[in-house]
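Below is one structure; the comments refer to it alone.
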Amino acid sequence: MAKQILILGGGYGGLLTALTARKHLSAAEAHITIINRFSTHQIITELHRLAGGTIKEQAVALPLQKLLGDKDVNIVVDTITEIKPNDKQVITSNGAYTYDALVIAMGSETNYFGIPGLEENSFVLKSASDANRIREHVEGRLDAYKASGNKADATIVVGGGGLTGVELVGEFADKLPEVCRSKGIDFNDISIYCVEAGPAILPVFPKVLIERAVSSLEKRGVTFLTGVAITEATKNTVSLKNGQTIESNTIIWTGGVKGNPVVGSCGIAEDRGRATVTSTLQSTSHADVFLAGDCAVVFPEGGERPYPPTAQLAWQMGETVGHNLAVQIKGGAMEKFTPVFSGTLGSLGRKDGIGTIGGNNTQLKGLPASLMKEASNIRYLSHIHGLFALAY
Ligand code: NAD
């Protein structure tokens, strides 16, 4: 009888698990169901461009039905509320599911670090609808500024100078001059702040590339405040550790991520809210539960620092999990997860970027970096056969 495989999450980890498992398992061998809170697979590495208004939603939200519909994968759009690994059961807002093998690929959540007022008063950039909300809000505030001249409406504060925050201010720096022109507002009236608690933005990059990012974005109107943490937010103010207060009606928080609480509290083994895994990506406490993506914490063999929560790792974890699911059902040898790092690329608007690529960390900047980032997105879309899903 066909085994029931249940995949929780339709992001990078979940989608690649489904595609890979289906390559190895026929419909007679396994029923595959994927549960996702959206009907689309979202390319979250490009959300900043949707928030800035340089691309359309269709470019970052691909219908799961288009990607999986011909692969005998049952797609359920629903919110997962509880996982009961000891009962082999998953509860959603609208139902309950049982399984023979479970894959948890539910990603991460925004970490507000308990900073007062932040969760209630800031936007985040975790989904296409978040990106749409940011774009619409910014446009609305610019209209309000035009009407009232209230400087808080012309001030955007992005909290966090990691890749999410920097790529987002890069889009604003590129797009807002055009938006302002169309509304009859002087772009020089607009303030775009990126506030970073650490001594520098983008600590994953070498100093020379960090300097390049700062000077490129400062020239285009971004102000970086580094070495100063956000300590509180209200509807129209951001307080900083140095006592400064910025009046702003647009606060966007990109200050970090944490494990998904539904996963962290479900009873499988975890470490600070992220599921711990074996080298074959099974839960260290439940062999019938596999993990892919940010909701798991994966350490290099013998290493003390876990791998970073990135899309490229989630994608590769999904492929390992897909293969190992087939082995668990049909027999054979499971694969150990051995990630390949192709590099890190960050965009600084449409025509500029920085990156380190390849085993020897070759540095890239400018147009080559932004073209390489574009190419890596296309490579991913072609890998999931998503290019055709974009066209419709
Ligand atoms: P992050 O954790 O990498 O960066 C968050 C930043 O916010 C940190 O630099 C931190 O010091 C800062 N911060 C924390 N508290 C603060 C406070 N109170 N005030 C001001 N600043 C504060 O988060 P991210 O940028 O969302 O990235 C998450 C993961 O996704 C990372 O592994 C990243 O590399 C990856 N990512 C990759 C890409 C890409 O490859 N282009 C794009 C986006 C994210």
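Observations on the model:
- Scanning segment 292-301 for any residue that is more than 29 Å from Gly346 (Cα to Cα), away from the ligand (no atom under 16 Å from the Cβ) and in contact with a Lys or Arg (Cβ under 9 Å, 6 or more places away or on another chain) turns up nothing.
- In segment 346-367, the qualifying residues are those that are charged (D, E, K, R) and within 12 Å of Asp174 (Cα to Cα), and the one that is modelled with the highest pLDDT is Asp352.
- If you go through segment 71-102 and keep only what is under 30 Å from Ile55 (Cβ atoms) and of a type in the set (A, V, I, L, M), you end up with Val73, Ile75, Val76, Val77, Ile80.
- Segment 200-244, subset assigned to a helix (DSSP H, G or I) and polar (S, T, N, Q), residue farthest from the ligand (Cβ to nearest atom): Ser215
- Search result, residues across segment 302-320 that are in contact with a Ser or Thr (Cβ under 7 Å, 6 or more places away or on another chain) and more than 16 Å from the ligand (Cβ to nearest atom): Gly318, Glu319
- Matching entry among Ser108, Ser127, Ser122, Ser148 (being among the polar types (S, T, N, Q), away from the ligand (no atom under 12 Å from the Cβ) and touching a residue at least 24 places away in the same chain (Cβ under 8 Å)): Ser127
- Residue match in segment 173-193 (condition: within 20 Å of Thr234 (Cα to Cα) and surrounded by fewer than 18 Cβ atoms within 10 Å (Cβ to Cβ)): yes
The rows are residues; the columns are (1) out of contact with any helix residue (DSSP H, G or I) (no Cβ under 8 Å at 6 or more places or on another chain); (2) crowded, with 18+ Cβ neighbours inside 10 Å; (3) over 16 Å from Thr17 (Cα atoms); (4) assigned by TED's automatic domain parsing to the domain that holds Thr164.
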| residue | (1), (2), (3), (4) |
| --- | --- |
| Ala275 | no, yes, yes, no |
| Thr278 | yes, no, yes, no |
| Gln282 | no, yes, no, no |
| Phe290 | no, yes, no, no |
| Gly293 | no, yes, no, no |
| Ala296 | no, yes, no, no |
| Phe299 | yes, no, yes, no |
| Gly302 | yes, no, yes, no |
| Met317 | no, yes, no, no |
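- The single residue among Ala105, Ala152 that is within 30 Å of Gln4 (Cα to Cα) and modelled with pLDDT of 95 or more turns out to be Ala105.
- Odd one out for Lys258, checked against (1) in a strand (DSSP E or B); (2) more than 13 Å from the ligand (Cβ to nearest atom): (2)
- The set of residues in segment 340-392 that are in a loop (DSSP other than H, G, I, E, B) and polar (S, T, N, Q) comprises Ser342, Asn360, Asn361.
- Flag for Thr280 being farther than 25 Å from Val340 by Cβ and hydroxyl-bearing (Ser, Thr, Tyr): no
- Among (1) exposed (fewer than 15 other Cβ atoms within 10 Å of the Cβ); (2) touching a residue at least 24 places away in the same chain (Cβ under 8 Å), the one test that Ile378 misses: (2)
- Only one of Gly358, Gly331, Gly322 that is buried (at least 19 other Cβ atoms within 10 Å of the Cβ) and either outside the structural domain of Glu171 (by TED's automatic domain parsing) or farther than 29 Å from Thr276 by Cα (or both): Gly322
- All positions within segment 44-71 that are of a type in the set (D, E, K, R) and within 15 Å of the ligand (Cβ to nearest atom): Glu46, Arg49
- Checked against the criterion of being farther than 23 Å from Arg37 by Cα and in a helix (DSSP H, G or I), the candidates Pro177, Pro116 yield just one match: Pro177.
- Members of segment 284-306 that are among the acidic types (Asp, Glu) and either over 13 Å from Glu270 (Cα atoms) or at pLDDT below 95 (or both): Asp288, Glu301, Glu304
The values are calculated or read from the model by the stated rules, or taken from the named source; none is laboratory data. Computed from a predicted model, the values in this text were never measured in an experiment. We place every Cβ from the backbone using ideal geometry, glycine too, and count neighbours over all the protein chains shown.
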